[in-house]
Amino acid sequence: IITCDWSSDVCSSDLDEDYRSLRGTAQEVMAALLRGELPFDRLNAVASIEGAHFMLSYMRDMLTYRTLGRIDQNADRAEDISSMAPRFTTGRINCIIESLANAMDRLSTNAPAAGTFTRLFTEITEEL
């Protein structure tokens, strides 16, 4: 696992292609879930603690945009986040963040990734 300061754009440019691909896919999946889609066809591509971390980063930026009007971690997703954030209350965003944190906790105890992400996808779409 690569440790990075996600508030910096420098780190993302240093990541290898697989890691950048995971970040992009995880954030695309998060956006799809927020649109009410269930992208189960990409579940295995993101079903990891790292995938959940990137999804959480996206949601933290939504919360920061919603409350402070700025995006701190994912400047490359600014257009997507800024257009999506007003559709959600801070309470709803916090519920989704809590679901992601719970999924990361389950993954850290070696829960099956596919089952954890299936549950996560369902929880997020039900929260909408």
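The values are calculated or read from the model by the stated rules, or taken from the named source; none is laboratory data. This is a predicted model, so every value here is computed, not measured. The protein model used for the area step is the full one, side chains on, heavy atoms only, and it has no ligands, DNA or RNA in it. Shrake-Rupley method; radii C 1.70, N 1.55, O 1.52, S 1.80 Å.
Taking the solvent-accessible surface of protein heavy atoms with a 1.4 Å probe, what is the per residue accessible area of the range 41-128 in Å²? Let's see the in-between values first.
Working: 4310 Å² over 88 residues.
It amounts to 49 Å² per residue over the range 41-128.
Here the ratio of the Cα radius of gyration of the range 60-128 to 2.2 N^0.38 Å is 1.21.
For the range 33-79, the convex hull drawn through the C-alpha positions has a volume of 86 cubic angstrom per residue. Across all C-alpha atoms in the chain, the radius of gyration and Dmax reach 13.7, 37 Å. For the chain, the fraction of 1.4 Å probe accessible surface lying on carbon and sulfur atoms is 47 percent.
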